[in-house]
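The values are calculated or read from the model by the stated rules, or taken from the named source; none is laboratory data. Remember, it's a predicted structure, so these values are computed and weren't measured experimentally. Cβ placement follows ideal geometry from the backbone for every residue including glycine, while neighbour counts extend to all protein chains displayed. The area values use the complete protein model at the heavy-atom level, side chains included, leaving out ligands, DNA and RNA. Shrake-Rupley method; radii C 1.70, N 1.55, O 1.52, S 1.80 Å.
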Amino acid sequence: MRERLARAWRRRPVAIAWAASLVAVAVVVAGATYGVAAIRPISPATGAPQIATLGAGDESDAPWVDRWWGGDGSATAYDFHGLTVIQSPVGVFTDGTDCLSVVSTSAVSDDGTSIEGQMYYGCAAGVFPAVAQFTISETSPDELQEAFGLGTSLQFVVAPEGVGVFADPPRPTPTPSASASTVAG
């Protein structure tokens, strides 16, 4: 075998060098292609399960919603386990567009002029949809706590189909073992 290669090299050195250069280029191109293809974009999905889509049939009849957004019907409000979720063309506390606000229904005064408690909101930015998210706490509506439990994180995302609701249950916190709590003395 070596003899053949040696003879071939003496007879056709340019042809063999050319073939070797093609193989080298192919290896370099394959490596570069793999390197580019191996870089995966970060997925916008969190992996949290979607638990609801708020849309037709979930609308809220809260009278104050129209007052907040000028009464032209441009805002749509939905009821969700003691929350009012409002999809609107503009924000309440921001000059953003295509916005989402989430507030405890009982936290809004009867005339809609004040809120007693937290309000979560977000507006779209470029290709990113409006998102509002929070973790259920002791101050969250009882109905929400009963449905999902304390420590559950909820995310509301505006989509063409309506408002998607995603839930991430609380993660258990590790408890120290008996041996870890023993202090060496």
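From the square roots a ≥ b ≥ c of the eigenvalues of the alpha-carbon gyration tensor of the range 58-118, which class results: rounded (a/c under 1.5), prolate (a/b over b/c), or oblate?
Rounded, because the longest to shortest axis ratio a/c is under 1.5.
For residue 171 and residue 116, compute 0.36 nm times the residue count separating them, minus their Cα-Cα distance, and round to one decimal in nm.
The span from residue 171 to residue 116 would gain 16.9 nm if fully extended.
Quick one: how many Å² of residue 138 are accessible to a 1.4 Å probe, rounded to 10?
Spelled out: residue 138, probe radius 1.4 Å, area about 140 Å².
Counting other Cβ atoms within 10 Å, keep those with at most 15, restrict to DSSP loop, and tell me which chymotrypsin sites (Phe, Trp or Tyr not before Pro) in the range 72-177 are left.
Sites meeting the loop and neighbour criteria: 93.
Using the C-alpha gyration tensor of the range 89-167, what are the square roots of 5 times its eigenvalues, in whole angstrom, with the largest one first?
Working from the Cα gyration tensor, I get semi-axes of 22, 18, 10 Å.
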